[in-house]
Amino acid sequence: MLSPAQAPLYEIKANLFKALAHPARIRILELLAAAPENTAAVSSLLAETGLEASHLSQHLATLRKHKVVTSVRSANSVTYRLAHPGVSELLAIARTFLLDSLTDSNEQLRLAQQLPAGPLPEGSAP
């Protein structure tokens, strides 16, 4: 059972995963992680993601709200940066997990295809 002192910490952690819980936000974070100094202008993110400006803005606001990215306004442009270098590491771990999961799925599919064919149900065509 969680103690009253632990509950807020788990809520912060859950909010991190809420911030990551959309494919567009993952793509935005991957773009930032790959960018020089983990920083990119909104115009670059718009071009790379293909999102409408309003949708990109909403996703960036969510990432900002949960302290995954920070922003800096300079004249007419806004740049975003990963708030912590650990975000890049988290994305790399998630990619490894995904690739391992897909490998397991491919292996299971390959093994299933090697199973002997069973009898066809009555009334089905061969």
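Summary table
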quantity: Identified option (computed log10 I(q)/I(0) by the Debye sum over Cα atoms at q = 0.13, 0.15 Å⁻¹; candidates (i) -0.97, -1.16; (ii) -0.50, -0.66; (iii) -0.66, -0.78); calculated: (iii)
quantity: For segment 96-108, 3J(HN,Hα) per residue [Karplus equation, 6.51 cos²θ - 1.76 cosθ + 1.60, θ = phi - 60°, Hz, x = Gly/Pro]; calculated: 4, 4, 4, 4, 5, 5, 5, 4, 4, 5, 5, 5, 5
quantity: Proximal charge balance of residue 80 [Cβ under 15 Å; K/R count +1, D/E count -1]; calculated: +4
quantity: Under Karplus coefficients 6.51, -1.76 and 1.60, residue-wise ³J(HN,Hα) of segment 22-33 in Hz, glycine/proline x; calculated: 8, x, 5, 5, 4, 4, 4, 5, 5, 5, 5, 5
quantity: Amide proton proximity set for residue 69, modelled H, under 5 Å, gap of 5+; calculated: 64, 83
quantity: GluC sites (Glu not before Pro) within segment 1-102: DSSP coil, no more than 16 neighbouring Cβ in 10 Å; calculated: 52
quantity: Using θ = phi - 60° and Karplus 6.51 cos²θ - 1.76 cosθ + 1.60, couplings along segment 7-20 (whole Hz; Gly, Pro as x); calculated: 3, x, 5, 5, 5, 4, 5, 4, 5, 4, 5, 5, 5, 8
quantity: Long-range HN-HN contacts of residue 78 with modeled amide H, under 5 Å; calculated: 42, 43
quantity: Relative contact order (percent, whole number), the chain, Cα cutoff 8 Å, 6+ residue spacing; calculated: 22 percent
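Computed from the coordinates by the stated procedures, all read-outs in this text should not be read as laboratory data. Quick caveat, the model's predicted, so the values are computed rather than measured. Reconstructed Cβ throughout: ideal geometry from the backbone, glycine too, with neighbour counts over all protein chains shown.
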